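Engineer: Could you have a look at this structure, given as structure tokens, before my questions?
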Amino acid sequence: MYHKYNLKESFKNYIKYGLRGIKETREVSIHEMIIQRGDTDKGVGIRTSFKNCMEGRKSKTEGPIQLTWILNENKFLLTDGYHRVTEGLLKGQIKFLAEIDWKGYSTEWKIPDKKDRFYLKNE
């Protein structure tokens, strides 16, 4: 089972990192993330990165994926690293090294509706 922050723990990290503008780097489970399912016709989301991987177009980026903590859901929005996540999932990986922005909101990123999200079922 993956580690899920309770809201009290998340607020501690918000104070420790977010208020100071510091990003935390740690492993995060796929089950803690908000991931846009997307649309291959529009070239967005995990559907597009999966299609790209299947066609041999893999990630050109190394290092941690980028996440932003979303306060009202107490989850992390994937903002960069769709191909790295897809490639990892295809290998059976469910935890990813991530750089987390703990500000607690997103004016820069659109948060997908729940019906437009990718969910990996628990085993």
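The values are calculated or read from the model by the stated rules, or taken from the named source; none is laboratory data. For clarity, every value in this text was computed on a predicted model and none was experimentally measured. Note that we place each Cβ from the backbone using ideal geometry, even for glycine, and neighbour counts take in every protein chain shown.
Engineer: Taking interchain pairs and intrachain pairs at least six residues apart, which have beta carbon atoms under 7 angstrom, with the first residue in segment 82-109 and closer than 12 Å to Leu120 by Cβ and the second among the hydroxyl-bearing types (Ser, Thr, Tyr) and surrounded by fewer than 19 Cβ atoms within 10 Å (Cβ to Cβ)?
Structural biologist: Ile94/Ser29; Lys95/Ser29
Engineer: Using the structure shown, decide if Thr86 is modelled with pLDDT of 95 or more, touching a Ser or Thr at 6+ places or on another chain (Cβ under 9 Å) and over 22 Å from Tyr14 (Cβ atoms). Talk me through it step by step, then tell me what you get.
Structural biologist: Values: modelled with pLDDT of 95 or more: yes; touching a Ser or Thr at 6+ places or on another chain (Cβ under 9 Å): yes; over 22 Å from Tyr14 (Cβ atoms): yes.
Yes: the conditions hold for Thr86.
Engineer: What are the residues in segment 46-85 that are of a type outside the set (A, V, I, L, M) and under 11 Å from the mean Cα position of the chain (by Cα), if any?
Structural biologist: So in segment 46-85, the residues of a type outside the set (A, V, I, L, M) come out as 47-53, 55-64, 66, 68-69, 72-76, 79-84.
If the condition is that a residue be of a type outside the set (A, V, I, L, M) and under 11 Å from the mean Cα position of the chain (by Cα), then Pro64, Gln66, Thr68, Trp69, Lys75, Phe76, Thr79, Asp80, Gly81, Tyr82, Arg84 are the ones that fit.
Engineer: Another question, then. Out of the residues in segment 90-117 that are aliphatic (A, V, I, L, M) and under 13 Å from the mean Cα position of the chain (by Cα), which is modelled with the lowest pLDDT? Let's see the steps before the verdict.
Structural biologist: Residues of segment 90-117 that are aliphatic (A, V, I, L, M), as a first pass: 90, 94, 97-98, 100, 111.
Applying the additional criterion that residues be under 13 Å from the mean Cα position of the chain (by Cα) yields 94, 97-98, 100, 111.
Numbers: Ile94: 95, Leu97: 98, Ala98: 98, Ile100: 96, Ile111: 91.
So, considering only residues that are aliphatic (A, V, I, L, M) and under 13 Å from the mean Cα position of the chain (by Cα), the one modelled with the lowest pLDDT is Ile111.
Engineer: Of all residues in segment 8-49, count the ones that are buried (at least 16 other Cβ atoms within 10 Å of the Cβ), of a type in the set (Asp, Glu) and outside any strand (DSSP E or B).
Structural biologist: 1
Engineer: Only one residue in Asn6, Asn74, Asn13 is among the polar types (S, T, N, Q) and under 16 Å from Lys114 (Cα atoms), so which one is that?
Structural biologist: Values: Asn6 fails: under 16 Å from Lys114 (Cα atoms); Asn13 fails: under 16 Å from Lys114 (Cα atoms).
Among Asn6, Asn74, Asn13, only Asn74 is among the polar types (S, T, N, Q) and under 16 Å from Lys114 (Cα atoms).
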